[in-house]
Amino acid sequence: MSFSGKRVVVTGAGRGMGRSHAEAFAARGATVGVVDIDSALVDEAVGFIGQTGGAAHGVACDVADAAAITETIAGLEASMGGIDILVNNAGIDEMRTIEEVDEASFDRMFGVHVKGTFFATRAAVPGMKARGSGKIVVTASTAGMTGIAGDSHYSGAKAALLGLTKAWAKEFAPFGIHVNAVAPGATMTEMVMTKLPTREQSMARVQERLDAGAVPLGRYAEPSEITAVVLFLASEEASFITGQVISPNGGEMIVGI
Ligand SMILES: NC(=O)c1ccc[n+]([C@@H]2O[C@H](COP(=O)([O-])OP(=O)(O)OC[C@H]3O[C@@H](n4cnc5c(N)ncnc54)[C@H](O)[C@@H]3O)[C@@H](O)[C@H]2O)c1
């Protein structure tokens with residue numbers, strides 16, 4: 001799959017799945033805008049992509065800050081000459097019961113996922129409309145489709161992204177812009193390894209879930225297995241797909257959606 005000549009922005013591209021997406025697009029010829037809240041991770045990712053022969057522009061930005069992400073997208077549009085593909089990937093998670101979620105943690109969870117995705121997309125869409133084409137990938141989660149006990153603010157924020165995806169698919173279709181969501185199941189990244197207060201507790205939770213047969217394929221995904229779906233949704237091959245939710249989850253969730 002070639003992305004030669006494409007200009008791609010990936011949020012949360014400093015590590016984990018976003019980093020995997022950014023590297024994969026760059027390796028296939030795209031110029032990649034690397035956005036992350038952590039400037040050291042941005043520098044590291046941009047450096048790595050450059051060393052491996054790719055082209056990357058980095059911006060440190062908190063996607064939950066509407067003014068900052070709007071400015072970041074405008075800056076990348078100017079430096080890259082446009083944005084053909086936007087992958088909204090930045091995210092956070094923390095296992096908390098409802099009593100443990102205060103207003104600040106609720107606002108942060110919805111701010112990063114929902115507000116961040118909304119305003120990054122809002123900033124990228126005018127250029128896509130003007131060119132008459134574009135691909136937007138939203139990062140949902142199985143959590144937003146089945147719900148996770150003790151993680152309701154995350155589950156709710158991810159569910160909201162499904163509504164945005166479907167509404168945008170209809171709203172932008174007349175302009176040649178496709179909008180789809182990837183809804184990963186459990187994937188081996190820092191997010192999973194830091195879900196609970198300690199790494200040991202987080203890894204024990206992973207093992208317990210696997211021992212209980214939670215994932216029919218018997219393991220967590222590697223980031224590259226989620227990247228494969230993102231690349232497809234962003235590709236010309238997905239020319240008749242919009243408003244869909246594709247869930248690479250190892251069989252953890254097999255239901256009609
Ligand atoms: N790991 C999983 O099991 C899993 C499953 C389903 C969905 N997801 C989703 O996939 C996406 C990527 O998660 P991951 O597992 O790679 O996590 P990760 O924690 O490894 O990476 C997330 C990246 O997003 C960045 N980020 C966080 N908040 C940000 C903000 N406000 N602004 C800009 N950047 C920010 C982080 O610095 C980090 O580089 C997230 O949206 C997550 O909710 C993860």
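Here the stretch 191-207 is the region considered, the condition is being outside any loop (DSSP other than H, G, I, E, B) and surrounded by fewer than 17 Cβ atoms within 10 Å (Cβ to Cβ), and the residue that is nearest to the ligand (Cβ to nearest atom) is Met193. Selection within the stretch 230-242: residues that are buried (at least 18 other Cβ atoms within 10 Å of the Cβ) and β-branched (Val, Ile, Thr). The member of this set that is farthest from Val10 (Cα to Cα) is Thr242. Within the stretch 230-244, is there a residue that is touching a helix residue (DSSP H, G or I) at 6+ places or on another chain (Cβ under 8 Å) and more than 21 Å from Asp84 (Cα to Cα)? Within the stretch 230-244, none of the residues are touching a helix residue (DSSP H, G or I) at 6+ places or on another chain (Cβ under 8 Å) and more than 21 Å from Asp84 (Cα to Cα).
Residue-by-condition table, conditions (1) more than 11 Å from the ligand (Cβ to nearest atom); (2) touching a helix residue (DSSP H, G or I) at 6+ places or on another chain (Cβ under 7 Å); (3) at pLDDT 95 or above; (4) within 13 Å of Gly91 (Cβ to Cβ):
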position: Thr117; (1), (2), (3), (4): no, yes, yes, yes
position: Ala120; (1), (2), (3), (4): no, yes, yes, yes
position: Pro126; (1), (2), (3), (4): yes, no, yes, no
position: Arg131; (1), (2), (3), (4): yes, no, yes, no
position: Lys135; (1), (2), (3), (4): yes, yes, yes, no
position: Val138; (1), (2), (3), (4): no, yes, yes, yes
position: Ser141; (1), (2), (3), (4): no, yes, yes, yes
position: Gly144; (1), (2), (3), (4): no, yes, yes, yes
position: Ser152; (1), (2), (3), (4): yes, yes, yes, no
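State all residues of the stretch 101-124 that are of a type in the set (Phe, Trp, Tyr) and closer than 19 Å to Ser141 by Cβ; if no residue qualifies, say none.
Within the stretch 101-124, Phe106, Phe110, Phe118 qualify.
One line per residue, one yes/no per condition, for (1) more than 16 Å from the ligand (Cβ to nearest atom); (2) in a helix (DSSP H, G or I); (3) under 24 Å from Ala22 (Cα atoms):
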position: Ala157; (1), (2), (3): no, yes, yes
position: Glu171; (1), (2), (3): yes, yes, no
position: Arg209; (1), (2), (3): no, yes, no
position: Ser224; (1), (2), (3): no, yes, yes
position: Thr227; (1), (2), (3): no, yes, yes
position: Leu231; (1), (2), (3): no, yes, yes
position: Thr242; (1), (2), (3): yes, no, yes
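The values are calculated or read from the model by the stated rules, or taken from the named source; none is laboratory data. Keep in mind that this is a model prediction, so the values were computed, not measured. Neighbour counts run over all protein chains shown; Cβ positions are idealised from the backbone, glycine included.
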